[in-house]
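Participant: Let me give you the structure first, and then I'll get to my questions.
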Amino acid sequence: MTTEIEKSAARSSDSSDNRRYTPGDIEKKWQKVWEETGQNHADDNDPRPKFYNLVMFPYPSGDLHIGHWYNFTGVDVFGRFQRMNGYNVMQPLGFDAFGLPAENAAIKRGVQARKWTLSNIEKMRSQLKTMGGIWDWQREVVTCLPDYYKWTQWLFLKLYEAGLAYRAKAPVNWCPNDQTVLANEQVLADGTCERCGAVVEKRELEQWFFKITSYADRLLDFKEVDWPERTMLMQKNWIGRSEGARVNFMITGPDGQETTVPVFTTRPDTLFGVTFFLLAPEHPLVEKVTTPAQQAEMAAYVAKARSETDFERQSSEKKKTGVFTGSYVTNPINGEKVPVWVTDYVLMGYGTGAVMGVPAHDQRDFEFARTMGLPVRLVYEPDDRSISADEMTQALVHEGHVVNSDQFNGLPDSQETVKTFIRFIEEKGVGKAEINYRLRDWLISRQRYWGTPIPMVFCETDGIVAVPESQLPVILPEEVNFRPDGVSPLQYLPEFVDTTCPKCGGPARRETDTMDTFMCSSWYFLRYCDAQDAEAAYDRAKVNRWMPVDQYTGGPEHATMHLLYARFFTKALHDMGLLDFDEPFRKLFHQGMIRSEGKKMSKSRGKTVAPDALVEQFGADAVRCFLMFLGPFDQGAEWNDKTEQLLSGVSRFLNRVWNLVQNAETAGPPVVDSAVEKEIRRVTHKTIKRVVDDLGHWALNTALSGLMEFTNSLYEFAAKQPGVYNTPAWKEAIETLLLLLAPLAPHITEELWQQTGHTGTIHTQRMPAFDPALAVDEVVTIVVQVNGKVRDKIEVAAGLGEEEVKATVLASPKVAAAMEDKHPKKVIYVAGKLVNIVV
RNA sequence: GCGGGAGUGGUGGAAUGGCAGACACGAUUGACUUAAAAUCAAUUGGAGCAAUCCGUGCGGGUUCGACUCCCGCCUUCCGCACCA
């Protein structure tokens, strides 16, 4: 008889048992060991094949939230998996450290942007270390430090030398209240300033651009990459290639002077249908061709268009508006004169800023014609019915055959017809075939302080002069005063602005704009290959050792920004002879995002959840598994009150894995039952197949459920036959479980690996090899259907032939009952799976 | 408007055209406990006493057989959006 006190004592000693799973201690212990043994550093000279596992680096916003953890855990699981497949995995991390939030913190709270950023990095790095990732910290890059941005400046100079950087006037977002330029992200969807709510205006400023448009066609070529279809499609749409023609019209101004105005059109086959001509409000000819009688109305219209936000102006719901210039243009194909109008639906930034109006066959032109009472002339007619221009309610697009077009009448609506027209205008010398892109040149100037200074000076005698390489880096001053007056605070620092011209030695001013932060992220993956190089941006041999990136992981929101810029950079550097390849990222994967209240979890958007408390309570392994168990990695997850409940499931699972190993320690001697051992081996090898496949294609949630099922069946084996403990098959099973789980839960598996008598780290072991012979089923369950409905399930020996299986099925009483004495018309047989009897 | 995803129990989610709901969460019950937590065991899509029937956003179709393929819708998320 045990007393209550004794029981209680047993319980409390049980709870302090040192064989209990205590993630906190285990995780700290192993993280220290891993760091000391340097096992996460990828050596350049390692003979194993390389695997460059890259994740989009974070912005150091202040603290690491659960969304970061989700992202980085998935990447780390994949990297660890590849390492266990025998690769020399390089998995670096760094910080994209220039950008607006630091500057806003400086303005609002008076902290120095640099200090704010570096302390955030410090904090995030230490938070990140608790997840036990294989980040190669020796390769860390921080883009706001001079030893990095020196080379960003150097790359700018290289692009400038190659003729890929130029300076031009361009409109920027201007807040009249704050007296400052805003980034596009700071302009809200309704066109107001995110800080003060004032309506944002456009201003023309001299800006630096990169000629990304000259790479448009190269960027449309995806032959060398294995990317998600949708990402390539987004880039294709963004680049927006359209084939067509440039056609020259002749405007006669009020002074009688003639000026050639080209238009771009994808439909030169509708040239006979032109009934008016349109100019964008910003078009340089507007003032010149407007007659005195129209001047006042035109000036008002242009001023209004300029003051409108892109959002207001580009709404397709908006009614068509416009003003007649009073002038006429000559259609080169038939010599007809048509009126020239100005309208805001023609954009200065696309094509030539001038458009030929073909209302019969373009919906926008049709609406414009109806609003302004302009004529509509059909140059295509449907093949099966006749229509009249007066009765049309919408434009006729891509239908019928050519009419009212002289010798072209009767041609079908086709690419061939378009080409026929292009040949004609080329022969006449009034135009030529042309390809146009939606893509614009990349504007990299920012009237901001916290960014890489543009290494250029302005000299009165020599004009724009590049800072020589030997004078790099152009250091960004740390102490500045912020004044909300629309210019970079750098302009108020004479010690920064005033310099001497590198060419003539005379007085010169430095460029005070800084670079778009996308510049920093367009080459960081190269710097990781040689992060500590003080002599060069990167060593060619080292970059060749690691590039291209084998696996790149990041959010889909970067499809048309960062991913396009980085490809452009790589191609441009390749063409300058600075790289041996021209595609940076071989494989791409977009992880989903953790959302709260439907929106991406991020500090700038409000609510975030910190992982620290969860890690403290359940351990990093449990949090890692939990996040990966939420669903497919590319789907992300909604974070709400119920989400965290799922953590207890994986936490229990890890405890069960732990206890499974402890139970074997206290179990008696093995009792060998060859049939049971065979069964254990079968389950083990089926699991290897499943989990390895899943880990290989990012199905991390099902990899985990496979391991849970495996663990559950091991418990069942042990419950049925306690003698299985410590049999060779059992040991193989436990070893397999630990190896397969290691990428997901690195700490507990390392600890148990040691406990089960292994030496050396589990993480550099190879993944267990799948042996198909051991995974073969001996007995299979055949599903029996009658007319497609399941009526019975029959167990048969796996090798049984078709006829024997059918005979067994037909002998089933349940099947007989379902068949109701009818004769089988047809019997479908799927080997090892199913028999369907059709009666 | 165009392009691309996604719609499955109370919840997160599984399912090479072949047993819908694996694996978990939650819930209910039981064991252990003075009690709770933890753990273990059982049940858990709906209806029905049952045999059985009904169920993967909606409507059609292909097929012996459809969550899966095809056509037409609806809802929702993402990207682009007056691009000539």
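The values are calculated or read from the model by the stated rules, or taken from the named source; none is laboratory data. Since the structure is predicted, the reported quantities are computational estimates derived from the model, not experimental observations. We place every Cβ from the backbone using ideal geometry, glycine too, and count neighbours over all the protein chains shown. Protein only, heavy atoms only, side chains kept; ligands, DNA and RNA dropped before computing areas. Shrake-Rupley method; radii C 1.70, N 1.55, O 1.52, S 1.80 Å.
Participant: Given the structure, is A:GLU367 modelled with pLDDT under 95 and either crowded, with 23+ Cβ neighbours inside 10 Å or more than 15 Å from RNA strand B (Cβ to nearest atom) (or both)?
Facilitator: So A:GLU367 does not fit the description; no.
Participant: Same structure again: Would you pick out the residues in the stretch A:154-191 that are in a strand (DSSP E or B), more than 26 Å from the chain's Cα centre (by Cα) and modelled with pLDDT under 70?
Facilitator: Listed by number, the residues that qualify are A:THR180, A:VAL181.
Participant: Could you say whether any residue in the stretch A:303-312 is more than 9 Å from RNA strand B (Cβ to nearest atom), over 30 Å from A:TYR380 (Cβ atoms), over 40 Å from the mean Cα position of the chain (by Cα) and of a type in the set (D, E, K, R)?
Facilitator: No, the stretch A:303-312 has no match at all.
Participant: Sticking with this structure for a sec: Can you spot a residue in the stretch A:290-302 that is in a loop (DSSP other than H, G, I, E, B) and more than 46 Å from the chain's Cα centre (by Cα)?
Facilitator: Among the residues of the stretch A:290-302, at least one is in a loop (DSSP other than H, G, I, E, B) and more than 46 Å from the chain's Cα centre (by Cα), which makes the answer yes.
Participant: Do we have A:LEU737 as aliphatic (A, V, I, L, M), under 16 Å from A:THR711 (Cβ atoms), within 37 Å of the chain's Cα centre (by Cα) and not in a loop (DSSP other than H, G, I, E, B) here?
Facilitator: yes
Participant: Let me ask something else about it. A:ALA667: of a type in the set (A, V, I, L, M, F, W, C) and open to solvent by less than 40 Å² (accessible area, probe 1.4 Å), yes or no?
Facilitator: When the stated conditions are applied, A:ALA667 passes them.
Participant: Scan the stretch A:619-656 for residues that are without any contact (Cβ under 8 Å) to a residue 12 or more places away in the chain and part of a helix (DSSP H, G or I) and report the count.
Facilitator: In the first step, residues of the stretch A:619-656 are kept if they are without any contact (Cβ under 8 Å) to a residue 12 or more places away in the chain; the result is A:641-642, A:645, A:648, A:652.
Then drop every residue that is not part of a helix (DSSP H, G or I), which leaves A:645, A:648, A:652.
Going through the stretch A:619-656 one residue at a time, the tally reaches 3.
Participant: Considering every residue within the stretch A:479-491, establish whether at least one is open to solvent by less than 30 Å² (accessible area, probe 1.4 Å), over 30 Å from A:PRO332 (Cα atoms), more than 16 Å from RNA strand B (Cβ to nearest atom) and free of Cβ contacts under 8 Å to residues at least 24 places away in the same chain.
Facilitator: Step one: list which residues in the stretch A:479-491 are open to solvent by less than 30 Å² (accessible area, probe 1.4 Å), which gives A:480, A:486, A:488-490.
This time we only want the ones that are over 30 Å from A:PRO332 (Cα atoms), so: A:480, A:486, A:488-490.
Those still in the list that are more than 16 Å from RNA strand B (Cβ to nearest atom) too: A:480, A:486, A:488-490.
With free of Cβ contacts under 8 Å to residues at least 24 places away in the same chain added as a condition, the list becomes none.
No, because not a single residue in the stretch A:479-491 is open to solvent by less than 30 Å² (accessible area, probe 1.4 Å), over 30 Å from A:PRO332 (Cα atoms), more than 16 Å from RNA strand B (Cβ to nearest atom) and free of Cβ contacts under 8 Å to residues at least 24 places away in the same chain.
Participant: All but one of (1) farther than 20 Å from A:THR259 by Cα; (2) surrounded by fewer than 20 Cβ atoms within 10 Å (Cβ to Cβ) hold for A:MET348, so report the exception by its number.
Facilitator: (1)
Participant: Of everything in the stretch A:21-46 that's assigned to a loop (DSSP other than H, G, I, E, B) and more than 32 Å from the chain's Cα centre (by Cα), which residue is nearest to A:GLN662 (Cα to Cα)? Give the derivation first.
Facilitator: So the first thing to find is which residues in the stretch A:21-46 are assigned to a loop (DSSP other than H, G, I, E, B), and the list is A:21-22, A:38-46.
Okay, now just the ones that are also more than 32 Å from the chain's Cα centre (by Cα), so A:21-22.
On the way: A:TYR21: 10, A:THR22: 13 Å.
This residue is A:TYR21.
Participant: Six or more apart or on different chains, Cβ under 9 Å: which pairs go from a residue in the stretch A:757-782 that's of a type in the set (S, T, N, Q) to one that's assigned to a loop (DSSP other than H, G, I, E, B)? Could you list them?
Facilitator: Sorted first by the residue in the stretch A:757-782, then by its partner, the pairs are A:THR761/A:GLN39; A:THR764/A:GLN39; A:GLN765/A:ALA742; A:GLN765/A:HIS758; A:THR781/A:LYS833.
Participant: Additional query: Under 6 Å between Cβ atoms, at least 6 apart or on separate chains: pull out the pairs that start in the stretch A:241-261 with a residue that is without any contact (Cβ under 8 Å) to a residue 60 or more places away in the chain and end on any residue that is surrounded by 14 or more Cβ atoms within 10 Å (Cβ to Cβ).
Facilitator: Within 6 Å, the pairs are A:GLU258/A:MET250; A:GLU258/A:THR252; A:THR259/A:ILE251; A:THR260/A:ASN248; A:THR260/A:MET250.
Participant: Now, a different point. Picking from A:THR393, A:THR417, A:THR343, which residue would you name as being among the polar types (S, T, N, Q), within 14 Å of RNA strand B (Cβ to nearest atom) and either under 46 Å from the mean Cα position of the chain (by Cα) or buried (at least 21 other Cβ atoms within 10 Å of the Cβ) (or both)? Explain how you work it out, then say what you get.
Facilitator: Details: A:THR393 fails: within 14 Å of RNA strand B (Cβ to nearest atom); A:THR417 fails: within 14 Å of RNA strand B (Cβ to nearest atom).
Within the list A:THR393, A:THR417, A:THR343, the selection yields A:THR343.
Participant: From the set of residues in the stretch A:657-683 that are among the small types (Gly, Ala, Ser) and part of a helix (DSSP H, G or I), which is farthest from RNA strand B (Cβ to nearest atom)?
Facilitator: Among those that are among the small types (Gly, Ala, Ser) and part of a helix (DSSP H, G or I), it is A:SER674.
Participant: Scan the stretch A:738-746 and give yes if some residue there is within 16 Å of RNA strand B (Cβ to nearest atom), open to solvent by 10 Å² or more (accessible area, probe 1.4 Å) and either touching a Leu at 6+ places or on another chain (Cβ under 6 Å) or at pLDDT 90 or above (or both), otherwise no.
Facilitator: Within the stretch A:738-746, none of the residues are within 16 Å of RNA strand B (Cβ to nearest atom), open to solvent by 10 Å² or more (accessible area, probe 1.4 Å) and either touching a Leu at 6+ places or on another chain (Cβ under 6 Å) or at pLDDT 90 or above (or both).
Participant: Which pairs have Cβ atoms under 9 Å, sit 6 or more apart or on different chains, and link a residue in the stretch A:658-673 that is at pLDDT 90 or above to one that is within 16 Å of RNA strand B (Cβ to nearest atom) and of a type in the set (S, T, N, Q)?
Facilitator: From residues that are at pLDDT 90 or above, the pairs are A:LEU660/A:THR711.
Participant: Can I ask one more? Of everything in the stretch A:621-636, what is near RNA strand B (Cβ under 6 Å from one of its atoms) and surrounded by fewer than 20 Cβ atoms within 10 Å (Cβ to Cβ)? Give them in sequence order.
Facilitator: A:GLY631, A:PRO632, A:GLN635, listed by residue number.
Participant: Kindly evaluate A:SER596 against the criterion of being in contact with a His (Cβ under 9 Å, 6 or more places away or on another chain), more than 10 Å from RNA strand B (Cβ to nearest atom) and of a type in the set (Ser, Thr, Tyr).
Facilitator: For A:SER596, the condition - in contact with a His (Cβ under 9 Å, 6 or more places away or on another chain), more than 10 Å from RNA strand B (Cβ to nearest atom) and of a type in the set (Ser, Thr, Tyr) - is not met.
Participant: Can I ask one more? For the stretch A:370-390, how many residues are in contact with a helix residue (DSSP H, G or I) (Cβ under 8 Å, 6 or more places away or on another chain) and within 13 Å of RNA strand B (Cβ to nearest atom)?
Facilitator: Summing the residues that are in contact with a helix residue (DSSP H, G or I) (Cβ under 8 Å, 6 or more places away or on another chain) and within 13 Å of RNA strand B (Cβ to nearest atom) in the stretch A:370-390 gives 0.
Participant: So, one more: How many residues, within the stretch A:691-717, are within 10 Å of RNA strand B (Cβ to nearest atom), closer than 21 Å to A:ASN663 by Cβ and either in contact with a Pro (Cβ under 6 Å, 6 or more places away or on another chain) or open to solvent by less than 30 Å² (accessible area, probe 1.4 Å) (or both)?
Facilitator: Result for the stretch A:691-717: 4.
Participant: Filter the stretch A:90-127 down to residues that are within 19 Å of A:TYR552 (Cα to Cα) and open to solvent by less than 10 Å² (accessible area, probe 1.4 Å), then give me how many there are. Talk me through it step by step, then tell me what you get.
Facilitator: Taking the stretch A:90-127 first, the residues within 19 Å of A:TYR552 (Cα to Cα) are A:90-96.
The next check asks that each one be open to solvent by less than 10 Å² (accessible area, probe 1.4 Å); those that pass are A:90-95.
Summing the residues that are within 19 Å of A:TYR552 (Cα to Cα) and open to solvent by less than 10 Å² (accessible area, probe 1.4 Å) in the stretch A:90-127 gives 6.
Participant: Quick check on A:THR231: is it among the hydroxyl-bearing types (Ser, Thr, Tyr), at pLDDT 80 or above and either open to solvent by 80 Å² or more (accessible area, probe 1.4 Å) or under 21 Å from A:TYR350 (Cα atoms) (or both)?
Facilitator: Against the criterion (among the hydroxyl-bearing types (Ser, Thr, Tyr), at pLDDT 80 or above and either open to solvent by 80 Å² or more (accessible area, probe 1.4 Å) or under 21 Å from A:TYR350 (Cα atoms) (or both)), A:THR231 does not qualify.
Participant: Examine the stretch A:321-331 for a residue that is farther than 30 Å from A:HIS697 by Cβ and within 11 Å of RNA strand B (Cβ to nearest atom), and state whether such a residue exists.
Facilitator: yes
Participant: Given the options A:VAL543, A:VAL615, name the one that is without any contact (Cβ under 8 Å) to a residue 40 or more places away in the chain, more than 13 Å from RNA strand B (Cβ to nearest atom) and either closer than 26 Å to A:GLU27 by Cβ or not polar (S, T, N, Q) (or both). Spell out how you get there, then give the answer.
Facilitator: Working: A:VAL615 fails: without any contact (Cβ under 8 Å) to a residue 40 or more places away in the chain.
When all the criteria are applied, what remains is A:VAL543.
Residue-wise test of (1) near RNA strand B (Cβ under 9 Å from one of its atoms); (2) among the basic types (Lys, Arg); (3) in contact with a helix residue (DSSP H, G or I) (Cβ under 8 Å, 6 or more places away or on another chain); (4) open to solvent by 70 Å² or more (accessible area, probe 1.4 Å).
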residue: A:PHE770; (1), (2), (3), (4): no, no, yes, yes
residue: A:ALA775; (1), (2), (3), (4): no, no, yes, no
residue: A:ILE794; (1), (2), (3), (4): no, no, yes, no
residue: A:VAL805; (1), (2), (3), (4): no, no, no, no
residue: A:PRO813; (1), (2), (3), (4): no, no, no, yes
residue: A:LYS822; (1), (2), (3), (4): no, yes, no, yes
residue: A:VAL835; (1), (2), (3), (4): yes, no, yes, no
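Participant: Which numbered condition in (1) farther than 20 Å from A:PHE249 by Cα; (2) away from RNA strand B (no atom under 14 Å from the Cβ); (3) buried (at least 18 other Cβ atoms within 10 Å of the Cβ) is the only one that A:SER405 fails?
Facilitator: (1)
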